[in-house]
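A short worksheet on the structure shown next.
The values are calculated or read from the model by the stated rules, or taken from the named source; none is laboratory data. This one's a predicted model, so the numbers in the text were calculated from it and none came from an experiment. Virtual Cβ from ideal backbone geometry, glycine too; neighbours counted across all protein chains shown.
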There are 2 protein chains.
Amino acid sequence: MTENTQTQLHVPQNEIQLSDGSTFKTYRTAGSLCSHDDEFDYKVGINKLRKHWIEERLARGDENHSQMYYAKKGQITNEMRYVAIREGVSPEFVLNEIKIGRAIIPSNRNHPELEPMIIGKKFLVKINANIGNSALGSSIEEEVEKLRWSLHWGADTVMDLSTGKNIHETREWIIRNAPVPIGTVPLYQALEKVKGKAENLNIDIFIETLIEQAEQGVDYFTIHAGVLHDYVALTKKRITGIVSRGGSIMARWCLHHKKENFLYEHFDRINEVMKKYGVSYSLGDGLRPGCIADANDEAQFAELKTLGELTKKAWAEDIQVMVEGPGHVPLNLIEENMRLQNEICNEAPFYTLGPLVTDIAPGYDHITSAIGAAMIAWYGTAMLCYVTPKEHLGLPNKQDVKDGVIAYKIAAHAADVAKGHPGAKERDDLLSKARFEFRWEDQFALSLDPELARSYHDETLPQDGMKKAHFCSMCGPSFCSMHLTQELRKEEDERSLSKN
Amino acid sequence: MTENTQTQLHVPQNEIQLSDGSTFKTYRTAGSLCSHDDEFDYKVGINKLRKHWIEERLARGDENHSQMYYAKKGQITNEMRYVAIREGVSPEFVLNEIKIGRAIIPSNRNHPELEPMIIGKKFLVKINANIGNSALGSSIEEEVEKLRWSLHWGADTVMDLSTGKNIHETREWIIRNAPVPIGTVPLYQALEKVKGKAENLNIDIFIETLIEQAEQGVDYFTIHAGVLHDYVALTKKRITGIVSRGGSIMARWCLHHKKENFLYEHFDRINEVMKKYGVSYSLGDGLRPGCIADANDEAQFAELKTLGELTKKAWAEDIQVMVEGPGHVPLNLIEENMRLQNEICNEAPFYTLGPLVTDIAPGYDHITSAIGAAMIAWYGTAMLCYVTPKEHLGLPNKQDVKDGVIAYKIAAHAADVAKGHPGAKERDDLLSKARFEFRWEDQFALSLDPELARSYHDETLPQDGMKKAHFCSMCGPSFCSMHLTQELRKEEDERSLSKN
């Protein structure tokens, strides 16, 4: 059963022009967005691809707008068809993965601008970029620009973590300009509403905030419902305690009131909002470790167990779920995180922050975390939340956002290749072939950051003729092994020709 | 049996001053070198720590200067004592690891400036930085400066891969200013001697070059003796053929003469030089894969088998050996490299170049390769050869050298932590504790790159008072989870106090 079978879907791809006239197509996270639009005005908003799809559902009075709801009914939605084209699989495969909870298509019915994407271990590994202002700076315009910038470099989803001024309006313009799912942590805004006093939070203020954000079109919510009252004490011996903002807010609330986490207690009320708008859960890991010494401890795994319980509760209501993961984990403890999450959360997509594999390199945490991210993605994590070089030190600027996104594209792609994802290795092979054949322009074009690759090459060999040279300045002409091998092959060929 | 038991050894360490007045000591790769010496003149050369140790051995007429030779005789050398202090283990432990070939102390008798270090899986993971000019640029002064710079940031050994002008003199001044082992690939200079015509090479020219370099004090030689005539054909189906310069030179020679690799045929003659000067082998992997598609193929593992055979031959003459490894390897094929090398080469230290886990990120290959490097080091690789952001694109400048070294310090340290190396995690824990307690100055001081960490922090909060602030600009004051957790703990303490 398919809805709107008549609708023709066009999924934008990046097209890389190669010197032999052929074109190599790749997944385009920016979708139909044009990142080089000088006339761009964020107050206009982008094309509403899903407008009619959503209207049809509203007209028919659907009360659950989750893709899982449709999947369980056996109905192939346009969102499923869209991601099937994007990922090169059948819509039936997509439907099944969503039905069993192993993948999600975050898609709020009030976010018609969304160009659907899917998160799940059987699909390409995705990456998320965090943007958003803090009390210490950044304007709406800057944040919308960071959104477009991160999509240009390859972010698959974006979280608006604003905690500063104009939270509502900033989010509004981020969503109206976002072809990708937007995630938020509603607790931040709820806390603002009670003037930063965690103990004054309650479920009503929280639900009110949820509805406000769901109305705007947020596609997934981080909900810290797994930070149970009893678990807080388990963090006492930790070096860095609770490092999730949401986790520390809920811990404060629980201890102050000596009561169970109200998000856990009133999970059913949250479910109602999620269903109505089709918002997906990103079950927050409020007790994730903030340093490698605290990794895989009792507090972390106690919360994970609760997240498994909440996953089932959400699934019972046909709500899509992903589960957040650490954080800071040494190499030898990474695999256990993935294994336990798989078991406990029945393969609901895992969405990890890194993890960082050492704590000693502030300023380079895009690297320390890309190491852990590549590994955990290979083990099965579906989406990686990026870390920028500014992590632990300050609010990222545009360059930091780019550096974080690229480091994570590397990690995600390395995992896709290692998992044998169809087509992933093709780009590596094309680039390597171009490298071997000294097709410098093709090498640049096929790389994650063509401008940078070209500028590094041109630093020492800027002349146009050098774009066809059979060497670069690293080894120079007489020590280029590829050049030597090419000559070798040519001579061998000539020799065997003259024999025949 | 210990030589020179009277000699007091002083092993320089980095001392990190913490705000509570305590000092944290770390391994200092730069040894007694002062990197902030404005008066520095490379033509003077540095202190000759080993002068008397070597003189004693020469006086007594030792004909084999390899540390393995002494280890097998049960003699604890000053070099062994020195590295034992450096690594915090007993000299007996060091002796045994060297005796069984699982570790090496590269140390040419003509390199008295060397401050000994050890390479082996039971010790801290080491990193190597490649420097050296190409035909397209760089002066002696620049290269000596790159040496000092890479040691400042943490390189454990340095390879001089010069292929440009003044090869001999450049190497001389690098060695005279190096407290770390210097490695070279003598084939490069031998090729220069035959004006770049590989087919004109022969064992006599090669041995002559070996002696020339051994006389200067090179501590380890990369020798491509495993590229056998028959193996060259195995690379025919590869995307990038042979990417090792040494490998492609030897392949050319073999095919031209239709003869076996002269380095393999005359390995005994090479052994004689190695013994006499105490130079260590770094058995080159001339057939390493140059792209992930070529990883773990027949050519690569055929050569590895020959390297295993050569390891045993060298050990029979009491010569120290490490074995070079790839290159470009996808995440899922990394472990096999380490396992096979362990089996085939009887745990001789593995020394890998990365490996890069994807080919699509030229300009970021310090990151693509740090991912593979961290993983293979965790599996047991003893030394990692760094890759800079300029890899595949051009000759690295100072900033590239620094970026490469730091990415590899991260990989090596992450592996040390994961392997449970004594003391490795202590620095992580101290930094995390400082982070939790908002001791910003201590955080900066304990990090791999204090200047950068500080500058990132100060970009948004430059005021001096902010060095004691209980937040940074990433989250701002009211959303700092660590601040919240600290308050929480304080209140809890007060509550339990008031109860008692």
Need pairs with beta-carbon distance below 6 Å; first residue farther than 24 Å from A:His421 by Cα and within segment A:366-394, second in a helix (DSSP H, G or I) and of a type in the set (Phe, Trp, Tyr); sequence gap 6+ or separate chains. A:Lys390/B:Tyr456; A:Leu393/B:Tyr456; A:Gly394/B:Tyr456
Residue, nearest to the chain's Cα centre (by Cα), within segment B:285-308, restricted to residues that are part of a helix (DSSP H, G or I) and within 14 Å of chain A (Cβ to nearest Cβ): B:Ile292
Only one of A:Asp62, A:Asp41, A:Asp37, A:Asp20 is out of contact with any Pro (no Cβ under 7 Å at 6 or more places or on another chain), closer than 20 Å to A:Gly278 by Cβ and not in a helix (DSSP H, G or I); which? A:Asp62
With the condition kept exactly as written, say whether any residue in segment B:97-114 is modelled with pLDDT under 95, over 18 Å from B:His421 (Cβ atoms) and not charged (D, E, K, R). no
Is it the case, given these coordinates, that A:Val180 is of a type outside the set (Phe, Trp, Tyr), crowded, with 24+ Cβ neighbours inside 10 Å and in contact with a His (Cβ under 8 Å, 6 or more places away or on another chain)? no
Within segment A:365-476, helices (runs of 4 or more DSSP H) holding 2 or more residues that are more than 7 Å from every other protein chain (Cβ to nearest Cβ) and among the aromatic types (Phe, Trp, Tyr): A:440-446
If a residue has to be surrounded by fewer than 22 Cβ atoms within 10 Å (Cβ to Cβ) and either on the phi > 0 side of the Ramachandran plot or touching a residue at least 60 places away in the same chain (Cβ under 8 Å) (or both) to count, how many in segment A:319-355 make the cut? 2
Note on segment B:309-348: residues closer than 19 Å to B:Arg245 by Cα, more than 14 Å from every other protein chain (Cβ to nearest Cβ) and of a type in the set (Val, Ile, Thr) are B:Val323
Within segment B:214-226, is there a residue that is within 14 Å of chain A (Cβ to nearest Cβ), crowded, with 17+ Cβ neighbours inside 10 Å and in contact with a helix residue (DSSP H, G or I) (Cβ under 6 Å, 6 or more places away or on another chain)? yes
Might you check whether a residue that is in contact (Cβ under 8 Å) with a residue 60 or more places away in the chain, among the β-branched types (Val, Ile, Thr), in contact with an Asp or Glu (Cβ under 9 Å, 6 or more places away or on another chain) and buried (at least 20 other Cβ atoms within 10 Å of the Cβ) occurs anywhere in segment A:65-83? yes
Given the criteria surrounded by fewer than 18 Cβ atoms within 10 Å (Cβ to Cβ) and at pLDDT below 85, does B:Lys468 qualify? yes
Here are B:Arg339, B:Arg269, B:Arg288: which of them is charged (D, E, K, R), in the same structural domain as B:His224 (by the TED database) and within 20 Å of B:Met159 (Cβ to Cβ)? B:Arg288
Only one of (1) outside any helix (DSSP H, G or I); (2) touching a Pro at 6+ places or on another chain (Cβ under 7 Å); (3) away from chain A (no Cβ under 11 Å) does not apply to B:Tyr351, and that is (2)
Within the bounds of segment B:433-441, is there any residue that is closer than 30 Å to B:Lys122 by Cα, crowded, with 17+ Cβ neighbours inside 10 Å, in contact with a Ser or Thr (Cβ under 9 Å, 6 or more places away or on another chain) and not assigned by the TED database to the domain that holds B:Lys121? yes
List, please: which pairs have Cβ atoms under 8 Å, are six or more places apart or on different chains, and start with a residue in segment A:102-113 that is among the aliphatic types (A, V, I, L, M) and end with one that is in a strand (DSSP E or B) and surrounded by fewer than 22 Cβ atoms within 10 Å (Cβ to Cβ)? none
Members of segment A:264-291 found to be closer than 12 Å to A:Asn64 by Cα and of a type in the set (Val, Ile, Thr), listed by number: A:Val273, A:Val279
The condition of being modelled with pLDDT under 95 and among the aliphatic types (A, V, I, L, M) holds, among A:Leu393, A:Leu333, only for A:Leu393
For segment B:477-500 the number of residues that are among the aliphatic types (A, V, I, L, M) and more than 7 Å from chain A (Cβ to nearest Cβ) is 1
Only one of these is of a type in the set (Asp, Glu) and in contact with a Ser or Thr (Cβ under 7 Å, 6 or more places away or on another chain): A:Asp230, A:Asp219. Name it. A:Asp219
Restricting attention to segment A:19-30, does a residue exist that is closer than 23 Å to A:Val94 by Cβ, without any contact (Cβ under 8 Å) to a residue 40 or more places away in the chain and not β-branched (Val, Ile, Thr)? yes
Restricting attention to segment B:193-233, the residues that are under 24 Å from B:Asn108 (Cα atoms) and either of a type outside the set (Gly, Ala, Ser) or touching a Gly at 6+ places or on another chain (Cβ under 7 Å) (or both) number exactly 22
Given the conditions (1) under 14 Å from the mean Cα position of the chain (by Cα); (2) outside the structural domain of A:Lys126 (by the TED database), and given that A:Asp449 satisfies all but one, which numbered condition is not satisfied? (1)
Per the filter on segment B:229-238, residues outside any helix (DSSP H, G or I) and either crowded, with 21+ Cβ neighbours inside 10 Å or among the small types (Gly, Ala, Ser) (or both) are B:Arg238
What is the residue count in segment B:249-269 for residues that are within 9 Å of chain A (Cβ to nearest Cβ) and touching a residue at least 40 places away in the same chain (Cβ under 8 Å)? 3
